[in-house]
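Have a look at the structure below before the remarks.
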Amino acid sequence: MVMNRIGKIVELLTQLLPNPEHLQLQNYELDVEQRQIRVLMESVQQIVRCPVCDQVAHRVHSLYERTLADLPWADYQIVIQLTVGKFFCDQERCDRKIFTERIAGVMAPWARRTKRLAAQLSEIALYTGGEGGAKLSKTLHCEVSQNTLLSLISRQSIPAVKTPKALGVDDFAFRRGQRYGTILVDLETNRPIVLLPDREADTLAEWLKEHPGVEVLSRDRSKTYRQGMTRGAPNATQVADRFHLLKNLAEVLERILAMHTQQLKAVEAAQIPVNDAIMIAPVVPRLAIQERSAKARERRFAKYEQVHQLRQQGWEILEIARHLGMGKRTVYRYLSHSKFPEWQPHPHRGRSQRSQLDAYKPYVLNQWNQGQSNTKQLFEEIQQQGYRGSYQTVARYTHRLRQTQKQHRAQLGVQLQLPISDLQHPPLTARRATWMVMRRADQRTDVEQVLIADLKTQHPELAAAIDLTQGFTKLVRERLPQQLDIWLDQAMSSSMKLFQGFAQGLKEDYAAVKASLMTDISNGPVEGNINRLKLLKRQMYGRASFDLLNRRFILTS
Ligand SMILES: [Zn+2]
């Protein structure tokens with residue numbers, strides 16, 4: 001019975017070790033202190049073949065011991081001490097006289113770790129990068145250095161490319177603003193094919209020549225890719241990406257709207273019922289807060305200067321971070337700016353900060369406008385309706401209401417108690433108006449419909465620009481290739497240089513633009529891949545070599 005039980009336990013342990021068929025568990029050494037188990041194993045292979053001539057060898061030369069790291073057990077590191085045989089190869093025509101027996105699937109001839117551990121570490125390296133991977137490997141009780149992880153990635157082979165029928169091409173920033181690469185994505189599987197190290201026409205043309213068979217090529221509007229594609233795959237159909245077409249169109253409209261700020265202001269003003277109500281005054285940050293933030297800015301500015309000085313004196317990033325007690329990322333950020341990066345205050349901060357009171361403001365306002373200005377009573381009333389915020393919050397709000405009316409009375413010199421409105425419209429900027437016009441009609445609010453109609457009445461040029469924009473978005477979204485020529489004529493004969501230029505650009509890229517109106521293929525999958533690429537780059541703190549980035553990107557897709 002006892003033997004049976006022990007036999008079962010040995011059987012279980014053997015199953016946890018690599019290749020139970022050819023390797024036998026002999027003994028173990030447990031180091032509780034170091035959390036390490038040294039497992040002693042021996043080869044029991046019956047048939048051993050020479051690695052050179054593949055013939056079976058029979059004569060043992062000697063025994064040979066190897067040490068291999070393996071996958072951890074619970075929180076124990078596993079080290080396998082493996083005894084294998086050295087054999088004579090007796091084949092006369094074979095060059096190899098003595099060899100060490102191989103254990104299939106367990107390890108490479110000179111490796112220091114088992115294949116399955118190496119595979120797991122490679123995955124860790126691919127998904128978390130060198131620095132994070134080294135930390136994670138420690139947590140997982142198979143600690144290795146960052147360099148080991150990076151060399152594991154560089155040893156992985158990238159699977160051979162199957163040339164796709166539909167290929168999406170776009171550029172991406174490798175080092176922001178300094179170096180760009182090109183990403184190629186299979187538009188049928190949405191998987192990345194490869195990253196090219198630049199965005200030159202020749203590089204793309206070369207790749208296409210080496211991988212013939214692409215039938216459809218999707219791209220942005222750049223001349224570079226157009227040339228690269230025409231040279232590399234002259235028979236493929238080029239498709240201008242619809243998203244990029246609409247983006248270019250939006251840029252045109254925004255520039256035209258930006259020339260009509262007066263009209264935008266007029267439309268914006270018209271949407272606020274000035275005669276019936278006055279707008280509540282915005283919250284102004286208190287002086288103490290302003291002073292505090294000025295001091296904080298001074299401190300940050302001093303650090304910014306120190307960072308640059310130390311760097312000029314040849315300090316390493318890490319040393320600077322440690323010396324000044326700041327994060328590495330902040331040091332990088334400061335170094336990447338040649339001018340002090342000011343904190344950008346959020347344009348709607350204060351206004352957009354959510355308050356417990358928000359849901360009760362309409363009630364408070366309504367009561368206020370009817371003459372109820374007793375804060376305590378208002379507070380009690382909304383408490384009964386479920387308000388759980390503080391009295392001070394309500395008091396601050398009624399104070400603002402009182403101040404608003406006071407200011408307004410002072411400005412107008414009248415004693416009228418005007419009702420207050422707390423509706424906050426975001427300002428009607430050229431950009432906001434642009435996206436209002438670009439949006440699908442069924443996704444616009446009623447207010448937006450009115451604003452667009454108002455804009456068109458303000459100036460004939462605005463009316464023409466909005467009509468042209470909506471005409472083009474319609475033919476792109478509904479895929480109406482037969483209307484393209486009509487639209488191009490309208491745009492060319494408009495009085496707006498910007499639209500003429502846009503139409504001229506479309507004419508120069510006519511075939512690809514027209515093709516985009518006759519297909520469902522788009523560069524959407526490329527955008528998705530670029531987002532994943534950005535995440536990877538951020539993880540690598542922008543220091544990765546191009547080869548490493550490419551491997552991680554392709555192998556984790
Ligand atoms: Zn041999």
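The values are calculated or read from the model by the stated rules, or taken from the named source; none is laboratory data. All figures in this text were calculated on a predicted structure; none of them were measured in a lab. Cβ: placed from backbone, ideal geometry, glycine included. Neighbour counts: every protein chain shown. SASA here: full protein model, heavy atoms, side chains in, ligands and nucleic acids out. Shrake-Rupley method; radii C 1.70, N 1.55, O 1.52, S 1.80 Å.
Structural remarks
- Residue ID - farthest from the ligand (Cβ to nearest atom), chosen from residues in segment 89-106 that are aliphatic (A, V, I, L, M) and open to solvent by less than 20 Å² (accessible area, probe 1.4 Å): Val106
- Test: residue in segment 262-275 that is open to solvent by 80 Å² or more (accessible area, probe 1.4 Å), farther than 29 Å from Asp358 by Cβ and either modelled with pLDDT under 85 or not small (Gly, Ala, Ser) (or both): yes
- Residue count for segment 130-152, restricted to those that are outside any loop (DSSP other than H, G, I, E, B) and open to solvent by 30 Å² or more (accessible area, probe 1.4 Å): 11
- Subset tally (residues that are in contact with a His (Cβ under 7 Å, 6 or more places away or on another chain) and either within 16 Å of the ligand (Cβ to nearest atom) or outside any loop (DSSP other than H, G, I, E, B) (or both)) for segment 74-88: 5
- Leu535 meets all of the listed conditions (1) modelled with pLDDT under 95; (2) in a helix (DSSP H, G or I); (3) buried (at least 17 other Cβ atoms within 10 Å of the Cβ) but one, namely (3).
- In segment 39-73, residue least open to solvent (accessible area, probe 1.4 Å) [restricted to those that are more than 16 Å from the ligand (Cβ to nearest atom), out of contact with any Leu (no Cβ under 8 Å at 6 or more places or on another chain) and part of a strand (DSSP E or B)]: Ser62
- Filtered residues of segment 479-499 (kept if within 25 Å of Arg431 (Cβ to Cβ) and exposed (fewer than 15 other Cβ atoms within 10 Å of the Cβ)): Ser495, Lys497
- The residue that is farthest from Arg552 (Cα to Cα), among those in segment 108-117 that are open to solvent by 20 Å² or more (accessible area, probe 1.4 Å) and away from the ligand (no atom under 16 Å from the Cβ), is Trp110.
- Among the candidates Leu488, Leu455, the residue that is under 20 Å from Val513 (Cβ atoms) and either in contact with a Cys (Cβ under 6 Å, 6 or more places away or on another chain) or at pLDDT 90 or above (or both) is uniquely Leu488.
- Taking the criterion of being part of a strand (DSSP E or B) and assigned by TED's automatic domain parsing to the domain that holds Val79, the residues of segment 92-116 that qualify are Ile98, Phe99, Thr100.
- Residue pairs meeting the criteria (Cβ under 9 Å; at least 6 apart or on separate chains; first among the aliphatic types (A, V, I, L, M), in segment 89-104; second open to solvent by less than 90 Å² (accessible area, probe 1.4 Å) and within 8 Å of the ligand (Cβ to nearest atom)): Ile98/Cys89
- Close pairs (6 angstrom Cβ cut-off, 6 or more residues apart or separate chains): closer than 15 Å to Ala111 by Cβ in segment 65-82, outside any strand (DSSP E or B) and open to solvent by less than 30 Å² (accessible area, probe 1.4 Å) anywhere: Leu68/Met107; Leu68/Thr114; Ala69/Leu117; Asp70/Thr114; Asp70/Leu117; Leu71/Leu117
- Scanning segment 7-34 for residues that are part of a helix (DSSP H, G or I), open to solvent by 90 Å² or more (accessible area, probe 1.4 Å) and more than 30 Å from Arg49 (Cβ to Cβ) yields a count of 2.
- Test: residue in segment 495-508 that is part of a helix (DSSP H, G or I) and at pLDDT below 90: no
- Test: residue in segment 5-16 that is of a type in the set (Ser, Thr, Tyr) and touching a Leu at 6+ places or on another chain (Cβ under 7 Å): yes
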